[in-house]
1. Where the second residue is charged (D, E, K, R) and part of a loop (DSSP other than H, G, I, E, B) and the first is over 13 Å from P7 (Cβ atoms) and open to solvent by less than 30 Å² (accessible area, probe 1.4 Å) and lies in the range 36-55, which pairs have Cβ atoms under 9 Å and are six or more apart or on separate chains?
2. How many of the residues making up the range 10-35 are within 18 Å of T73 (Cα to Cα), of a type outside the set (D, E) and open to solvent by 30 Å² or more (accessible area, probe 1.4 Å)?
3. In the range 23-35, which residues are of a type in the set (D, E) and free of Cβ contacts under 8 Å to residues at least 24 places away in the same chain?
4. Sort out for me the helices (runs of 4 or more DSSP H) sitting completely within the chain that have 2 or more residues that are modelled with pLDDT of 90 or more, more than 10 Å from the chain's Cα centre (by Cα) and of a type outside the set (A, V, I, L, M).
Amino acid sequence: MNSTPPPPGRDEIITWLTGLGERPPGAERIDSMELAWLVHQVEQRYGVELSDDQLERMTTVDDAVAVLAEVLTSHV
């Protein structure tokens, strides 16, 4: 039985990012501080480490959704 939560969706990622501080409505780009925070959240929740290539691909919220879905579904 797998107890790993499903990959985070767009709304969940935005919620995580607002944990770091207020984001402008509709903000799509992820800055370096937000990326570090997001990686921390993923490592805490899922116990996976992201490669440099994966981190470089996460420049927007949609990119983060796609990369995390790819990583977390292949990790199971």
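The values are calculated or read from the model by the stated rules, or taken from the named source; none is laboratory data. Note that the structure is predicted; figures quoted are calculated from it, not measured. Positions of Cβ are generated from backbone atoms using ideal geometry, with glycine treated the same way; all protein chains shown enter the neighbour counts. What goes into the accessible areas is simple: the full protein's heavy atoms, side chains included, and nothing from ligands, DNA or RNA. Shrake-Rupley method; radii C 1.70, N 1.55, O 1.52, S 1.80 Å.
1. V39/E49
2. Applying the first criterion (within 18 Å of T73 (Cα to Cα)) to the range 10-35 yields 10, 12-13.
Checking the rest, the ones that are also of a type outside the set (D, E) come to 10, 13.
Checking the rest, the ones that are also open to solvent by 30 Å² or more (accessible area, probe 1.4 Å) come to 10.
The qualifying residues number 1.
3. D31, E34
4. Output list reads 10-18, 32-46, 52-57.
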